[in-house]
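Accompanying notes for the structure given below.
The values are calculated or read from the model by the stated rules, or taken from the named source; none is laboratory data. Since the model is a prediction, treat every value here as computed from it, not as a measurement. Neighbour counts run over all protein chains shown; Cβ positions are idealised from the backbone, glycine included.
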Amino acid sequence: MLAQTPYHLDLRTLTLPHTSLGAWGQLTFPVLKSALWRFFHHKRWIYLWVDGEDWLLGLAIVDLGYMAKTFVFMAEKGDAKPVFQAEALFLPQAELGVHRTSQQRLRALAVSPKLKVQIEIAAEGQLGFLVEGPELHIWGQADKPQAPLLVAANRLDQGGPNFTAKGMAHAGKIAIRYKDRQWPKQQVQICSDFTEGFLPRETRWYWASLSGAAESGHAIRLNLVEGFNGACECLLWVNEQVYPLGEGRFQGQDPHATWQVNTTCGTVALHFEPWSALWDQTRLGIANSDFRQIYGVYSGQIRTAEGVFELKQVRGIAEYQAVKW
């Protein structure tokens, strides 16, 4: 049963899942264990992926509390080599990292000697972002998402409460300049992800996100995970109709090979064909990760009580992450 989120969102009493967020500043976490435990387990990130039809762009700021990372990645249709890839590590501080501000906004800021990334999201879902680096400049803004926000939370095994809000298909504008190439300001679709919670020391998930049209013309939007938050984060939109789903089931880790993506409820049966991939294996002793984020297209079938929807070459993201924070 999907319900509207109350203005004051308290993870001690929340009934899930929800479809709208309310004010960011009213999110309340329960008191957990020691201050030291909370410091090492508290994670926050903002991630955006942008659909430019013949290209896809992803950018994120990930705040682990004791360290933080930002990345920007652009892939073009038909080219396994990315257009560009920029990454940086930095130390979160009062202004740097991911924060909920007193103005009921989310603000993420990453600054390093070679890369600056800034993302802001308002309570209603409007967003803006800016990227500046050597020979790289990106500006973008977007309205609130066309579909209601997916808001889900869960109490994770060996961790604590986790909250995620995903906006599917913000209508936006973006301008990109890289070296001697320029993509002039154009209309795009943007999907957003804000996550905050107390994650287990070792966390693993698969994730799929797509937004486009079925062969019938119906608007299709899908957020699917295996592991992590489980089924409470798995949702399908067909036009204005919302369908809660069973947990995702993924076959594939190779960033260069086709993946199979299904659900335990049988609604989703898709395969995913990569364009290009951001593959990062970090080994820092206290923090290690195997992160594979693939940009490409989905094809297959989605079966609902209202009928079967055929998907062909619908653009989206697939991801595998195994991390020790």
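Contact list please: Cβ distance under 6 Å, first residue in segment 227-249 and farther than 13 Å from Thr304 by Cα and surrounded by fewer than 21 Cβ atoms within 10 Å (Cβ to Cβ), second residue at pLDDT 90 or above and of a type in the set (Ser, Thr, Tyr), pairs at least six apart or on different chains.
Once the first residue is farther than 13 Å from Thr304 by Cα and surrounded by fewer than 21 Cβ atoms within 10 Å (Cβ to Cβ) and sits in segment 227-249, its partners that are at pLDDT 90 or above and of a type in the set (Ser, Thr, Tyr) give Glu247/Thr264.
Scan segment 232-267 for residues that are under 20 Å from Gly167 (Cβ atoms) and not charged (D, E, K, R) and report the count. Steps first, answer last, please.
Here is the first cut: in segment 232-267, the ones under 20 Å from Gly167 (Cβ atoms) are 232-245, 248.
Narrowing the set further to residues that are not charged (D, E, K, R) leaves 232, 234-239, 241-245, 248.
Count: 13.
When segment 118-171 is examined, which residues are found to be surrounded by 22 or more Cβ atoms within 10 Å (Cβ to Cβ), small (Gly, Ala, Ser) and over 15 Å from Asn223 (Cβ atoms)?
Gly140, Ala142
Only one of Gln281, Gln301 is free of Cβ contacts under 8 Å to residues at least 12 places away in the same chain, polar (S, T, N, Q) and either assigned to a strand (DSSP E or B) or surrounded by 14 or more Cβ atoms within 10 Å (Cβ to Cβ) (or both). Can you tell me which?
Numbers: Gln301 fails: free of Cβ contacts under 8 Å to residues at least 12 places away in the same chain.
Just one listed residue meets the conditions, Gln281.
Kindly list the number of the only condition in (1) free of Cβ contacts under 8 Å to residues at least 40 places away in the same chain; (2) assigned to a loop (DSSP other than H, G, I, E, B); (3) small (Gly, Ala, Ser); (4) touching a Ser or Thr at 6+ places or on another chain (Cβ under 6 Å) that fails for Ala94.
The single condition Ala94 does not satisfy is (4).
Going through segment 157-174 one residue at a time, which ones are part of a strand (DSSP E or B) and over 21 Å from the mean Cα position of the chain (by Cα)? If you could, list the steps in order and put the result at the bottom.
First, the residues of segment 157-174 that are part of a strand (DSSP E or B): 161-174.
Listed by number, the list is empty, since nothing qualifies.
Considering Leu91, Leu57, which residue is farther than 14 Å from Thr195 by Cα and modelled with pLDDT under 95? First the steps, then the outcome.
Numbers: Leu57 fails: modelled with pLDDT under 95.
It is Leu91.
How many residues, within segment 63-106, are surrounded by 17 or more Cβ atoms within 10 Å (Cβ to Cβ) and at positive phi?
Result for segment 63-106: 1.
Regarding Gln182, is this residue of a type outside the set (Lys, Arg), farther than 24 Å from Tyr298 by Cα and loosely packed, with under 15 Cβ neighbours inside 10 Å?
On the way: of a type outside the set (Lys, Arg): yes; farther than 24 Å from Tyr298 by Cα: yes; loosely packed, with under 15 Cβ neighbours inside 10 Å: yes.
In short, yes.
Quick one: in segment 25-62, which of the residues that are basic (Lys, Arg) and within 17 Å of the chain's Cα centre (by Cα) is surrounded by the most Cβ atoms within 10 Å (Cβ to Cβ)? It would help to see each step written out before you state the result.
Of the residues in segment 25-62, the ones basic (Lys, Arg) are 33, 38, 43-44.
Next, from what is left, pick out any that are within 17 Å of the chain's Cα centre (by Cα): 43-44.
Working: Lys43: 20, Arg44: 22.
Among them, the one singled out is Arg44.
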